[in-house]
Structures are given as structure tokens and as C-alpha cells.
1. For Tyr151, which of the numbered conditions (1) part of a helix (DSSP H, G or I); (2) under 17 Å from Arg36 (Cβ atoms) fails to hold?
2. Among the residues of the stretch 40-52, are any acidic (Asp, Glu), touching a Pro at 6+ places or on another chain (Cβ under 9 Å) and surrounded by fewer than 18 Cβ atoms within 10 Å (Cβ to Cβ)?
3. Among (1) under 19 Å from Ser10 (Cα atoms); (2) surrounded by 14 or more Cβ atoms within 10 Å (Cβ to Cβ); (3) in contact (Cβ under 8 Å) with a residue 60 or more places away in the chain, which single condition is Tyr98 missing?
4. Do the conditions hold for Tyr6, that is, is it in a strand (DSSP E or B), of a type in the set (Ser, Thr, Tyr), modelled with pLDDT of 95 or more and within 20 Å of Thr118 (Cβ to Cβ)?
5. Being within 20 Å of Gln9 (Cα to Cα), over 16 Å from the mean Cα position of the chain (by Cα) and not basic (Lys, Arg) is the requirement here; does Pro186 meet it?
6. Restricting attention to the stretch 92-102, report how many residues are closer than 25 Å to Ala114 by Cβ and not in a loop (DSSP other than H, G, I, E, B).
7. How many residues does the stretch 120-137 contain that are part of a loop (DSSP other than H, G, I, E, B) and in contact (Cβ under 8 Å) with a residue 24 or more places away in the chain?
8. Every residue in the stretch 103-141 that is farther than 16 Å from His56 by Cβ, in contact with a strand residue (DSSP E or B) (Cβ under 9 Å, 6 or more places away or on another chain) and not charged (D, E, K, R), please.
Amino acid sequence: MRYAFYFDQSRCMSCNTCSVACKDWHGVNPGAVRWRKVDSHETEGGFFNLSMSCNHCETPACLYVCTAGAIYKRDDGIVAVDRAICQKIEDCKIECPYDTPQFANNKQEPETIAGSFTRHPMQKCDFCVDRIDNNEPPICVASCPAYALDYGDYAELQDKYPDAVPLTKDDFPYAYKRDAEDNTGPSMLIKKRKGLKIT
């Protein structure tokens with residue numbers, strides 16, 4: 001099993017319901033931290049959207065640079081963080097090609113996590129493990145009014161959506177931070193919106 005996300009660019013309306021639902025479900029206070037981001041990208045003749053969270057990569061850059069050992073990978077492919085262990089070194093944020101690791105401030109996270117090593121440890125999408133372990137879809141998938149998101153085993157999603165392509169720097173350069181390497185194997189499949197040229 002390798003859990004993955006699917007995203008259909010042709011369906012996304014940039015309503016941000018997935019992002020808002022994610023914050024609400026996980027109790028992320030208002031502020032800059034977003035576990036799921038919806039960004040619009042201008043093109044010749046229009047724009048298109050990209051909804052992304054942590055890509056729960058096959059080879060997560062964040063995991064391999066975390067000297068505190070706070071980041072780990074479950075047997076089902078979900079990349080998780082033990083916030084109590086995090087030392088806020090922030091190498092994970094520097095190395096992640098998708099700018100996934102997030103750090104709050106005092107306003108967004110006013111209370112220190114009980115027993116945590118540092119104030120405002122790293123946080124990110126956890127694939128709604130509480131819901132997944134209860135055989136429920138991630139809240140972003142469940143809340144999307146346009147059915148632009150789906151989830152499941154990576155291979156099964158490939159069979160279910162044969163016109164979807166893997167997230168790569170060649171096809172989706174705007175999903176990557178500048179100069180980031182394309183070698184993590186993100187667990188993300190995307191149905192591309194047709195007819196618009198990237199500028």
C-alpha cells in the first residue's frame with residue numbers, strides 16, 4: 001500500500017474549501033500555516049489551479065535531513081511528524097521541494113504543545129491518519145464540492161485515472177521551489193487542464 005492523492009485541474013474552482021476544511025478539521029488557527037494550499041497560475045488565455053499538500057514522497061527529503069528523528073514514514077507510505085520531538089532546526093523546510101513543512105508563530109499557535117521540545121514545532125498534512133485509520137477519506141477529499149480530489153493506493157489511482165500523470169518538474173514546474181531537485185517520488189497524480197500554455 002502506498003497512499004497517494006489525485007487532483008483534477010479541470011474540475012478545481014479555486015474555492016479553497018479543501019484548504020479551509022483541512023484547517024478546521026486539524027484545529028489549525030488562522031494564519032500563514034496551511035496544510036493544503038490552492039494556488040492559481042496564470043497562462044496565455046487564462047489560469048489554472050493546483051491544490052497540493054504534503055506529497056508523502058517515496059523518498060522524502062524532509063525525513064532524511066531531520067537530525068532530530070521527528071519525521072518518519074508509515075508502512076502505508078504516509079509521511080508523519082512527531083511534533084513533540086521536533087527541534088525546529090528547519091532543514092526539512094529548506095530541503096522539501098514543495099515547501100510543505102510549516103512553522104507557526106505565537107499568534108497562530110498561542111499554546112505550547114505539552115511535552116514538546118520546542119515552541120511551534122513543524123507541522124504539515126498527515127493524510128488525515130485519524131480518518132484513514134477509520135476507513136474514511138481525508139477531509140480535503142471529502143469536502144471538495146467539485147470532486148477534484150481523490151485518494152487511494154498509488155497503483156490503483158493510476159488504473160482508475162489513466163489520463164493522470166505523476167507530479168514532475170517537467171509537467172508542473174510551478175509546483176516546485178526554485179532550484180529544487182526532482183528526485184523525491186511524490187505520491188501525487190494530476191489530470192492536467194488542457195488547452196492553456198504555461199507562461
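The values are calculated or read from the model by the stated rules, or taken from the named source; none is laboratory data. Note that the coordinates shown come from a computational prediction; the quantities given were computed from them, not determined experimentally. For neighbour counting, all protein chains shown are included, and Cβ atoms are generated from backbone atoms with ideal geometry for every residue, glycine included.
1. Unmet for Tyr151, out of (1) part of a helix (DSSP H, G or I); (2) under 17 Å from Arg36 (Cβ atoms): (1).
2. Going through the stretch 40-52, the residues acidic (Asp, Glu) turn out to be 42, 44.
Still in the list and also touching a Pro at 6+ places or on another chain (Cβ under 9 Å): none.
Taking every residue of the stretch 40-52 in turn, none turns out to be acidic (Asp, Glu), touching a Pro at 6+ places or on another chain (Cβ under 9 Å) and surrounded by fewer than 18 Cβ atoms within 10 Å (Cβ to Cβ).
3. Status for Tyr98: all satisfied but (1).
4. Details: in a strand (DSSP E or B): yes; of a type in the set (Ser, Thr, Tyr): yes; modelled with pLDDT of 95 or more: yes; within 20 Å of Thr118 (Cβ to Cβ): no.
No: the conditions fail for Tyr6.
5. Values: within 20 Å of Gln9 (Cα to Cα): yes; over 16 Å from the mean Cα position of the chain (by Cα): no; not basic (Lys, Arg): yes.
Considered against the rule, which asks whether it is within 20 Å of Gln9 (Cα to Cα), over 16 Å from the mean Cα position of the chain (by Cα) and not basic (Lys, Arg), Pro186 comes out as no.
6. Residues in the stretch 92-102 being closer than 25 Å to Ala114 by Cβ and not in a loop (DSSP other than H, G, I, E, B): 3 in total.
7. Taking the stretch 120-137 and keeping what is part of a loop (DSSP other than H, G, I, E, B), we get 120-122, 124-128, 133-137.
Still in the running and in contact (Cβ under 8 Å) with a residue 24 or more places away in the chain: 120-122, 124-128.
Here the count works out to 8.
8. Taking the stretch 103-141 as the starting set, the residues that turn out to be farther than 16 Å from His56 by Cβ are 103-121, 134-136.
Those left that are additionally in contact with a strand residue (DSSP E or B) (Cβ under 9 Å, 6 or more places away or on another chain): 103-104, 109, 121.
Within the stretch 103-141, Phe103, Ala104, Pro121 meet the criteria.
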